[in-house]
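Below you'll find the structure, written out as structure tokens, and then a few comments.
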Amino acid sequence: MTSTQHERDSHSRANRMSEMTEEAPWRQADRLRSLYIGEDLSTSEIGEQLGCSRKTVENWLKKHDIEKSRPWEDEERLRSLRQQGMSEADIADELDCSQATVHNWLTKFGIDTSRTRPERPWHDEETLRELYVESEMTMDEVASELGCGRQAIEVWIHRHDIETRSYNPETPKALQDESKLRSMYLSDGMSTYAIAEQLDCAPSTVHDWLHDHGIETRTVGSQPGELHHRWEGGVDEYYGDNWAKQRRKTLRRDDYECQRCGITQSEHRNRTDIGLDVHHKTPIRTFQSPEDANTLDNLVTLCRSCHNTIEPPNENQND
Ligand SMILES: [Zn+2]
């Protein structure tokens, strides 16, 4: 039955392995390391893949001394990031952990956790959450409160994985109406996000309907945020729902260094006040859905200057 079936499956997988680990692949240190560190799977994901429990995986990780590094426990590092003026959200992004983790360890080390007024308050996750989520302000209201454009708010809300408000489950009529959608997207130059917000639906729904109507989506830059001229040149900033996560994974894989010139995240922030970019080697628009473009194979960490060399912002990216 299922357990027999399951056994047979894990046997055929295990055939490729040595005799010793045939019955218990989780005993194999290299295999565990590659799944846990290399592929960054969780212990329950590994358990699922190897056909054992999460607990077993945890035990063997311990036995083999396999640990993910926990840079947030490094007091000196935390202190220095904080001194560079990084917010808790920035640090969480840099160290690839949650903001709560950063906050806890800052507190533990007695490092000041009071909020510095950031130069660009719309980059700050807490500020955005406070206004957009807790105070239920609209994106326009948040924008005018913080003194920036509304698109910046859209992008940063997305970047911080802040859930946008629940949408009307019905497909808005305007989306089904090709000429209406065409005029919003093409003539009015509205972004996928702007249309979604106006019609009270998810950005991915807008993207799907654009696709269904055969309306060609505009090119996207490789990083939303600062380069407003990319938008004015008629680009869209819809990167797909898995973008924030894949972007973080790429940064971590690349050790937070530009893969062309080697500048680090902190140096880059010191020089330019922004984090490193993540670039799509094959442009998003050549994929059926933006999520498909966000595979780790297709993403690479670059500094702004190398990024602009490889992909000049003003160039019409038509190849
Ligand atoms: Zn570079």
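The values are calculated or read from the model by the stated rules, or taken from the named source; none is laboratory data. Computed from a predicted structure; not experimentally measured. Glycine gets a Cβ as well: all are built from the backbone with ideal geometry, and neighbour counts include every protein chain shown. Just so you know, the surface numbers come from the protein's heavy atoms only, side chains and all, with ligands and any DNA or RNA stripped out. Shrake-Rupley method; radii C 1.70, N 1.55, O 1.52, S 1.80 Å.
Assorted remarks:
- Relative contact order of the stretch 235-319, pairs being alpha-carbon contacts under 8 Å that are 6 or more residues apart, as %: 35
- Full-extension gain in nm, Thr264 to Phe287, via 0.36 nm per residue minus C-alpha separation: 5.3 nm
- J(HN,Hα) series, the stretch 57-68, from Karplus relation 6.51 cos²θ - 1.76 cosθ + 1.60, nearest Hz, glycine and proline x: 4, 4, 4, 6, 4, 5, 4, 8, 6, 9, 9, 7
- Basic side chains Lys and Arg get +1 at the Cβ, acidic Asp and Glu get -1 at the Cβ, and with that the dipole of the stretch 166-217 about its Cα centre reaches some 80 debye.
- Extension gain (nm, one decimal) between Lys68 and Asp188, 0.36 nm per residue minus Cα-Cα: 38.4 nm
- What the stretch 71-159 shows is 49 Å² of accessible area per residue, with the surface traced by a 1.4 Å probe over protein heavy atoms.
- Neighbourhood charge, 14 Å Cβ-Cβ cut-off, centred on Ile37 and excluding it, Lys, Arg +1 and Asp, Glu -1: -1
- Distance violations [Cα-Cα > 32 Å] among Lys173/Lys281; Lys173/Lys249; Lys55/Lys245: Lys173/Lys281; Lys173/Lys249
- Per-residue ³J(HN,Hα) for the stretch 198-207, Karplus 6.51 cos²θ - 1.76 cosθ + 1.60, θ = phi - 60°, Hz, x for Gly and Pro: 5, 9, 6, 9, 7, x, 5, 5, 4, 4
- Ordering Val300, His268, Thr282 by Cα displacement along the dipole of the stretch 235-319 toward the positive end leaves His268 in first place; charges were set at the Cβ atoms of Lys, Arg (+1) and Asp, Glu (-1).
- Estimated distance in nm for a label pair at Glu58 and Ala29, the labels positioned 7 Å out from Cα along Cα-to-Cβ: 2.2
- With q set to 0.16 Å⁻¹, the log10 of I(q)/I(0) for the stretch 235-319, from the Debye formula over equal scatterers at the Cα positions, is -0.62.
- If R0 is taken as 25 Å, the Cβ-Cβ distance between Arg253 and Cys148 corresponds to a FRET efficiency of 0.20.
- Residue separation of Glu216 and Gln176 scaled by 0.36 nm, minus their Cα-Cα distance, works out to 12.8 nm of gained length.
- On the beta carbon distance between Val133 and Thr107, with R0 = 25 Å, the FRET formula returns roughly 0.65.
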